[in-house]
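Worksheet for the structure shown next.
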Amino acid sequence: YDYLIMATGSQNNYFGREADWGRIAPGIKTLEDAVEIRRRVLLSFERAEQTDDKAEHDRLLTFILIGGGPTGVEMAGS
């Protein structure tokens, strides 16, 4: 490369829907964000293991990742 531009200080963008999406769709910009996502995933696994309701089990094991950039792809792989 002739130039390398690093854009630090990025923020999540919920396109005007912060109140709706921000609480259920955490970003992954900080260590706290990553720990929160990990907590939510592990809780879903634990709750799914404890339920006998097939629909609830399937709901708890359904995850949606949005973003096809490096972070989204890495999250999907994890």
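The values are calculated or read from the model by the stated rules, or taken from the named source; none is laboratory data. Since the model is a prediction, treat every value here as computed from it, not as a measurement. Cβ atoms come from the backbone with ideal geometry, glycine included; neighbour counts cover every protein chain shown. Remember, those area values only see protein heavy atoms, side chains included, never the ligands or the DNA or RNA. Shrake-Rupley method; radii C 1.70, N 1.55, O 1.52, S 1.80 Å.
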Any pair with Cβ under 9 angstrom, 6 or more apart, that starts in the range 11-25 at a residue that is aliphatic (A, V, I, L, M) and ends at one that is surrounded by 10 or more Cβ atoms within 10 Å (Cβ to Cβ): A25/N12; A25/Y14
Which numbered condition R47 fails, given (1) open to solvent by less than 100 Å² (accessible area, probe 1.4 Å); (2) in contact with a helix residue (DSSP H, G or I) (Cβ under 6 Å, 6 or more places away or on another chain): (1)
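Out of the helices (runs of 4 or more DSSP H) lying entirely within the chain, which hold 2 or more residues that are at pLDDT below 75 and under 16 Å from the mean Cα position of the chain (by Cα)? Let's see the steps before the verdict.
Details: elements: 18-21, 31-50, 54-60, 70-77.
By residue number, 70-77.
Restricting attention to the range 20-78, which residues are of a type in the set (D, E) and closer than 17 Å to S10 by Cβ? Write out each step before concluding.
Quick first cut of the range 20-78, residues of a type in the set (D, E) only: 20, 32-33, 36, 46, 49, 52-53, 56, 58, 74.
Those that are of a type in the set (D, E) and closer than 17 Å to S10 by Cβ: E32, D33, E74.
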